[in-house]
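Worksheet: the structure to be examined is printed underneath.
The values are calculated or read from the model by the stated rules, or taken from the named source; none is laboratory data. Note that the coordinates shown come from a computational prediction; the quantities given were computed from them, not determined experimentally. With ideal geometry, Cβ positions are generated from the backbone for all residues, glycine too; neighbour counts draw on all protein chains shown. In case anyone asks, the SASA skips ligands and DNA or RNA and just uses the protein heavy atoms, side chains included. Shrake-Rupley method; radii C 1.70, N 1.55, O 1.52, S 1.80 Å.
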Amino acid sequence: MLKANPAAAGEYMLDWTFYANDELKVVYFDGTEIKTWYKDQADNYKIGADSDKVGNCTVYFNPDGNSEWSYTYFTVQPKGTPIDPTDAPTDAPTDAPTDKPTDKPSKAEAGYYLVGTLNGENCWFVDDTATDRMLSANPAVDGEYMLDWTLYANDELKVVYFDGTEIKTWYKDQADNYKIGADSDKVGN
C-alpha cells in the first residue's frame with residue numbers, strides 16, 4: 001500500500017524491489033473492490049531487462065498526474081538517483097485482459113509482519129490488508145527477513161509471526177516497542 005509522501009502534498013510513495021520485465025500499475029482499492037486504475041488503459045509501466053530500475057526503488061504516485069513526469073501518474077526512481085525523463089509506458093500486450101479484477105487483495109499468509117502505530121495509523125494487527133507489511137527473506141543473509149518501509153516520527157513498531165490465522169509470536173514479547181524519535185535519522189525510507 002502506498003503511503004502519503006511527507007515531502008510532497010498529494011503524492012504517495014512505496015519502496016519496492018523490482019526485477020527485469022516486471023509490469024505495474026497503481027490502483028485505488030476502496031476496501032471492497034478496485035475502483036480506479038492508473039492509468040486506466042491496458043498498457044503497463046514495464047521495467048526493462050537492462051533498466052536502472054531493477055533493484056531497490058521508490059515508486060512516486062500522484063493521482064492528479066504530474067506534468068513533470070514522463071508517465072502520466074507515477075514514476076519509478078532508483079533509491080538515491082534522479083527521475084529518468086525517458087521512462088515510458090509499454091504497449092498493451094495482445095492478450096491483455098479486458099475485465100478488471102475487483103477481488104480483495106491476497107489473504108494474509110503465514111509469515112513475519114511489521115505491526116504497530118505506523119504513519120499515525122493503528123496497525124497492531126494482521127489481516128487481508130496487511131500483506132504489504134509482510135517481511136520477505138533476505139537473499140543475501142540466510143535466516144534474516146527484510147521490508148522496505150517509510151517511517152514517520154513517533155511511529156512505534158514490532159515484528160510478529162502470523163500463522164495464517166492469528167499472531168503467535170511477538171518480537172519482542174514484552175510491552176515495550178521500538179519507537180522512532182521525533183528527531184531520529186530513521187524518519188523516511
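General remarks:
- Interchain or long-range residues, amide H under 5 Å from Glu11's placed H: Asn5
- Here the calculated FRET efficiency for Thr32 and Asp64, from their Cβ-Cβ distance with R0 = 25 Å, stands at 0.55, rounded to the nearest 0.05.
- Between amide H atoms placed 1.01 Å from N, distances below 5 Å from Phe125 occur with Gly116, all of them 5 or more places distant or on a separate chain.
- Take the Cβ atoms of Asp50 and Ala140, set R0 to 30 Å, and the FRET efficiency comes out at 0.85.
- Computed with a 1.4 Å probe over protein heavy atoms only, the accessible area of Phe125 comes to about 70 Å².
- Amide hydrogen neighbours beyond the local backbone of Asp22, cut-off 5 Å, H modeled: Ile47
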